[in-house]
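Engineer: Before anything else, here's the structure in question.
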Amino acid sequence: MAKLYFYYSAMNAGKTTTLLQSSFNYQERGMNTMLFTAALDDRFGDPKISSRIGLDANAHLFDADVDLFVKIADALKTRPIHCILVDEAQFLKKEQVFQLASVADSLKIPVLAYGLRTDFQANLFEGSQWLLAVADELHELKTICTCGSKATMNLRIDSKGNPVREGQSIEIGGNDRYIALCRKHFMEKLRGPAGA
């Protein structure tokens, strides 16, 4: 039975690297994969998934208007697909999470979704909320805080490294905009004086 998997973590835990390694493993065995990533993350130019350690692969883009089930079913008309991999899964809409569940249930293709659990204010992203609710299997990928404890939170920082406490939930960025911290240090940074 095909399943819907959700691999989640804070920033810098290697989600994208793990996704690309999983795709490579399928392809190395002569199997086809189909990769998706969020259209709003345009840091890398062409439609591709890129990791911080230099691995990348071409991908299909999704935004709120893409019906993932239809897109995958159409691709199946031209070739077999053995696994669907979704990067930046936190940006999925509720309907798209259910479409991916239908891919696993009806099309019998495993779906591996990778994303952040929460934003910089500790709010669940829509895609993550629904993946946590309906995925068959949940896997936390771990990274560490500056203190050495497990990091579970994403602190947004400004250009000077100061914590950002307000703003839009979604702001694309990497190490220049976010730091993965344990809950204790995340809360301490947010409680500190503004601009400190």
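The values are calculated or read from the model by the stated rules, or taken from the named source; none is laboratory data. Computed from a predicted model, the values in this text were never measured in an experiment. FYI the Cβ positions are ideal-geometry reconstructions off the backbone, even for glycines, and counts take in every protein chain you see.
Engineer: Take the residues in segment 23-39 that are surrounded by 19 or more Cβ atoms within 10 Å (Cβ to Cβ) and out of contact with any Phe, Trp or Tyr (no Cβ under 6 Å at 6 or more places or on another chain), then tell me which one is nearest to residue 181 (Cα to Cα).
Structural biologist: As a first pass, look at segment 23-39 and keep what is surrounded by 19 or more Cβ atoms within 10 Å (Cβ to Cβ): 23, 33-38.
Within this subset, residues satisfying the condition of being out of contact with any Phe, Trp or Tyr (no Cβ under 6 Å at 6 or more places or on another chain) are 23, 34-35, 37.
Values: 23: 29, 34: 32, 35: 29, 37: 25 Å.
Applying the filter and picking the extreme gives 37.
Engineer: Here's something else I'd like to know. Residues 35, 61: which one is in contact (Cβ under 8 Å) with a residue 24 or more places away in the chain, part of a strand (DSSP E or B) and within 19 Å of residue 110 (Cβ to Cβ)?
Structural biologist: 35
Engineer: Next question. Go through 66, 111 for me and flag whichever is in contact with a helix residue (DSSP H, G or I) (Cβ under 8 Å, 6 or more places away or on another chain) and under 16 Å from residue 134 (Cα atoms).
Structural biologist: Result of the check over 66, 111: 111.
Engineer: For segment 66-84, what are the residues that are acidic (Asp, Glu) and in contact with a Lys or Arg (Cβ under 9 Å, 6 or more places away or on another chain)?
Structural biologist: none
Engineer: Then there's this: Within the group 174, 195, which residue is under 22 Å from residue 92 (Cα atoms), out of contact with any Pro (no Cβ under 6 Å at 6 or more places or on another chain) and either surrounded by fewer than 16 Cβ atoms within 10 Å (Cβ to Cβ) or modelled with pLDDT under 75 (or both)?
Structural biologist: Testing whether each residue is under 22 Å from residue 92 (Cα atoms), out of contact with any Pro (no Cβ under 6 Å at 6 or more places or on another chain) and either surrounded by fewer than 16 Cβ atoms within 10 Å (Cβ to Cβ) or modelled with pLDDT under 75 (or both) leaves just 174.
Engineer: Looking at (1) assigned to a helix (DSSP H, G or I); (2) out of contact with any helix residue (DSSP H, G or I) (no Cβ under 7 Å at 6 or more places or on another chain); (3) under 26 Å from residue 129 (Cα atoms), find the lone condition where residue 25 falls short.
Structural biologist: (3)
Engineer: So which residues in segment 108-154 are assigned to a loop (DSSP other than H, G, I, E, B) and of a type outside the set (A, V, I, L, M, F, W, C)?
Structural biologist: Keep residues of segment 108-154 that are assigned to a loop (DSSP other than H, G, I, E, B), which gives 108-110, 117, 119-123, 125, 135-136, 141-142, 145-149, 152.
Scanning segment 108-154 gives 108, 110, 117, 119, 121, 123, 136, 142, 146, 148, 149, 152.
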